[in-house]
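**Student:** One structure follows; several queries about it will come next.
The values are calculated or read from the model by the stated rules, or taken from the named source; none is laboratory data. Quick caveat, the model's predicted, so the values are computed rather than measured. Note that each Cβ is placed from the backbone with ideal geometry, even for glycine, and that neighbours are counted across all protein chains shown. What goes into the accessible areas is simple: the full protein's heavy atoms, side chains included, and nothing from ligands, DNA or RNA. Shrake-Rupley method; radii C 1.70, N 1.55, O 1.52, S 1.80 Å.
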Amino acid sequence: MERTGLAGEAEARTPSFGRLVDLAADLLEAPLGFFTVVDAERSWYVATSGVPDDVRFGAVEASFCKYVIATGEPLFVSDAAADPRTAGNPAIDGMGVHAWAGFPVRSPGGEVLGSFCVVDTQHHEWSDRDRTVLESLAAAASDEVAHLLARRAADAARAEMDDLRVRQRDLLGLLQVSLVPPVLPSTPGLDVAVRYEPANTVSGMGGDWYDVIDIGGGRVGLVVADVAGHDAPAVVVMAQLRPALHAFALHSAHPAAVHGQLHDLMLELRIDRFLTSFYGIWDPDLRTLTYQAAGHPPPIWFHASGEAEVCEAGRTSILGIAGLAPSQCEHSIELQPGDSIAVFTDGLFEAPRRTIDDGLDSVMSIGSASAATSAAQLADHLMNEARPPGGWLDDVALLVAAAPARTDRSPG
């Protein structure tokens, strides 16, 4: 009985049960009606008709419901005091029960949960019509119990799934955070800031990451990449590809070569996700950033003059699709003092019905309006201004690299 939740003071009068009990009392011309369940201590009134609302339960020994539960059969009594089955029941004198008629209410599995009954305080001969009507209404009550239990089971399943999603999101978030470098290496001649924020839902989480790699000789590799998909497998694939790209970068002087090796590895491992990736190499002696954007949103160059431009050059196909190998194209830009370049995944500008071009324009407008004097300030400004009110729809990885402005020193 406890499994149904029908027995207890917390179970308020259920409207659907109440309507059935009222209908039964009306059709059978009885002053009282009950849908009752019995536990070890009390007879609980799930729904009543003709009874004050504050009456919730009665004593088990005074219950007529117990007879139906004990036999699993309907009970019709025209004179309770004279009927040997019910004579002596305290409800005869305590509640004035003279006639009683009821059918069992069953669970979906056939277990008798209680009785659906009407009560008369006077002698009442129950007709065949009364029996038919009461049987039909009791069956409707049993159906309603089944619907109630099904709804509760569905609610419990949804709650469990929501809890599972939250725990999954937390675990994926921990995995993602563990895969980004906790400390950035030295970047001579370049001020670098990175940001990462997960999506606001598990369904939006994906395989975004950034990396800053010391490749020797003062040169630094800059990475922002995104595994396709918004699910746990995308995060797992990211965990495979991030260290691979890092390793390839340590042994190659060209972004196109690194992307080519990563593409071949994805095909060899039969990874069923594709990857967009920006990989650039900063040379502090030449003050140049040589990069390739493989299917990735193009970087945005914020000039010290206040102008901004989308760097369309150096772009090639996405990685990991058989027959679509990345080209050898690369592009170099020379960062002047005060210039900044922002590289990001598409989560930074993703919004319903927004095109990529519109998204890039939005990022340019936000960045151009910033009064930032460092990479960290610009990164924070971009994240804060682009973040939707309800949180990110997709993961966001952002890398900002700035060439510090020269400080003129006049002789004293």
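**Student:** I'm checking my understanding of the structure. Among residues of the stretch 53-102 that are surrounded by fewer than 13 Cβ atoms within 10 Å (Cβ to Cβ) and closer than 15 Å to L32 by Cβ, which one is farthest from the chain's Cα centre (by Cα)?
**Tutor:** Taking the stretch 53-102 as the starting set, the residues that turn out to be surrounded by fewer than 13 Cβ atoms within 10 Å (Cβ to Cβ) are 53-55, 59, 61, 70-73, 82, 84-85, 87-88, 93-94.
Next cut, closer than 15 Å to L32 by Cβ only: 53, 55, 94.
Numbers: D53: 40, V55: 42, G94: 54 Å.
It comes out as G94.
**Student:** While we're on this one: Determine, yes or no, whether T345 is open to solvent by 80 Å² or more (accessible area, probe 1.4 Å) and of a type in the set (S, T, Y).
**Tutor:** No; evaluated as a whole, the condition is false for this residue.
Quick grid of which residues meet (1) hydroxyl-bearing (S, T, Y); (2) buried (at least 18 other Cβ atoms within 10 Å of the Cβ); (3) in contact with a Cys (Cβ under 9 Å, 6 or more places away or on another chain); (4) within 13 Å of P255 (Cα to Cα):
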residue: Y291; (1), (2), (3), (4): yes, yes, yes, yes
residue: A294; (1), (2), (3), (4): no, yes, no, yes
residue: W301; (1), (2), (3), (4): no, yes, yes, no
residue: S305; (1), (2), (3), (4): yes, no, no, no
residue: E309; (1), (2), (3), (4): no, no, no, no
residue: G314; (1), (2), (3), (4): no, yes, yes, yes
residue: S317; (1), (2), (3), (4): yes, no, no, no
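**Student:** Go through A80, A153 for me and flag whichever is at pLDDT below 85 and more than 20 Å from G18 (Cβ to Cβ).
**Tutor:** Of the residues listed, the single one that is at pLDDT below 85 and more than 20 Å from G18 (Cβ to Cβ) is A153.
**Student:** Only one of these is in contact (Cβ under 8 Å) with a residue 60 or more places away in the chain, on the phi < 0 side of the Ramachandran plot and of a type in the set (V, I, T): V60, V46. Name it.
**Tutor:** Of V60, V46, the one residue that is in contact (Cβ under 8 Å) with a residue 60 or more places away in the chain, on the phi < 0 side of the Ramachandran plot and of a type in the set (V, I, T) is V46.
**Student:** A follow-up question, please. Given the conditions (1) at pLDDT 95 or above; (2) crowded, with 19+ Cβ neighbours inside 10 Å, and given that M238 satisfies all but one, which numbered condition is not satisfied?
**Tutor:** Status for M238: all satisfied but (1).
**Student:** Moving to a separate point now. Looking at G189, G229, which one is of a type in the set (G, A, S), farther than 14 Å from E330 by Cβ, open to solvent by 20 Å² or more (accessible area, probe 1.4 Å) and within 36 Å of the chain's Cα centre (by Cα)? Spell out how you get there, then give the answer.
**Tutor:** Values: G189 fails: within 36 Å of the chain's Cα centre (by Cα).
Criteria check complete, one pass: G229.
**Student:** Please tell me if E125 is over 18 Å from A80 (Cβ atoms) and among the charged types (D, E, K, R). Outline the logic, then answer.
**Tutor:** Working: over 18 Å from A80 (Cβ atoms): no; among the charged types (D, E, K, R): yes.
Spelling it out, it is not the case that E125 is over 18 Å from A80 (Cβ atoms) and among the charged types (D, E, K, R).
**Student:** Inspect the stretch 349-371 for any residue being among the β-branched types (V, I, T), assigned to a loop (DSSP other than H, G, I, E, B), over 36 Å from the mean Cα position of the chain (by Cα) and loosely packed, with under 15 Cβ neighbours inside 10 Å and give the result as yes or no. Don't jump to the end; show me each part of the working.
**Tutor:** Keep residues of the stretch 349-371 that are among the β-branched types (V, I, T), which gives 355-356, 363, 366.
Checking the rest, the ones that are also assigned to a loop (DSSP other than H, G, I, E, B) come to 355.
If we keep only those that are over 36 Å from the mean Cα position of the chain (by Cα) as well, we get none.
No, that holds for no residue.
**Student:** Can you tell me how many residues in the stretch 319-330 are touching a strand residue (DSSP E or B) at 6+ places or on another chain (Cβ under 6 Å) and open to solvent by 30 Å² or more (accessible area, probe 1.4 Å)?
**Tutor:** To start, the set of residues in the stretch 319-330 that are touching a strand residue (DSSP E or B) at 6+ places or on another chain (Cβ under 6 Å) comprises 319-320, 326-327, 329-330.
Retained after the next criterion (residues that are open to solvent by 30 Å² or more (accessible area, probe 1.4 Å)): 327, 329-330.
Looking only at that region, the number is 3.
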